[in-house]
Amino acid sequence: MGNNFVGKQWSDIREDEKDSLLRCAIAVSGVDGRRVQNGDCTVDFEGYNFSIQGFLVNNENEREIIIGDDAVFYDPTV
């Protein structure tokens, strides 16, 4: 898998890459970096230097991060 998706849309990457990224995804607040329990979030990927906007659904038996096809990867350090 590529190490840098900055500038690409979620829809631009392969399904196996999406699956791999979602396994190391962390949903955080874009304001203070705290973990998000539900709702809009920034999705950071452990071991990678890019993020993307997403939405966390956290139900009793299920936790799912949803990323829109048009969401764009960005470098959170700039």
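Of the residues making up segment 35-54, just one is under 15 Å from Lys8 (Cα atoms), part of a loop (DSSP other than H, G, I, E, B) and touching a strand residue (DSSP E or B) at 6+ places or on another chain (Cβ under 8 Å), namely Phe50.
Please enumerate the residues belonging to segment 17-34 that are assigned to a helix (DSSP H, G or I) and either within 15 Å of Asp44 (Cβ to Cβ) or at pLDDT below 95 (or both).
Ser20, Leu21, Leu22, Arg23 - these are the residues of segment 17-34 that are assigned to a helix (DSSP H, G or I) and either within 15 Å of Asp44 (Cβ to Cβ) or at pLDDT below 95 (or both).
Does segment 69-78 hold any residues that are touching a residue at least 60 places away in the same chain (Cβ under 8 Å) and either open to solvent by 20 Å² or more (accessible area, probe 1.4 Å) or of a type in the set (Lys, Arg) (or both), and which are they? If the condition is that a residue be touching a residue at least 60 places away in the same chain (Cβ under 8 Å) and either open to solvent by 20 Å² or more (accessible area, probe 1.4 Å) or of a type in the set (Lys, Arg) (or both), then Asp69, Asp70, Val72, Tyr74, Asp75 are the ones that fit. For segment 1-54, filtered to residues that are among the aromatic types (Phe, Trp, Tyr) and under 12 Å from Ile67 (Cβ atoms), the residue that is surrounded by the fewest Cβ atoms within 10 Å (Cβ to Cβ) is Phe45.
Filtered by the rule that a residue be in a strand (DSSP E or B) and open to solvent by 50 Å² or more (accessible area, probe 1.4 Å), segment 55-68 gives Phe55, Asn58, Asn59, Glu62, Arg63, Glu64, Ile66. The residues on offer are Ser29, Ser11, Ser51, and the sole one that is under 11 Å from the mean Cα position of the chain (by Cα) and polar (S, T, N, Q) is Ser51.
The values are calculated or read from the model by the stated rules, or taken from the named source; none is laboratory data. The structure presented is a predicted model; accordingly, all values stated were derived computationally and were not measured. Using ideal geometry, Cβ is built from the backbone for each residue, glycine included, and neighbour counts are taken over all protein chains shown. Side chains included, ligands, DNA and RNA excluded: accessible areas come from the protein's heavy atoms. Shrake-Rupley method; radii C 1.70, N 1.55, O 1.52, S 1.80 Å.
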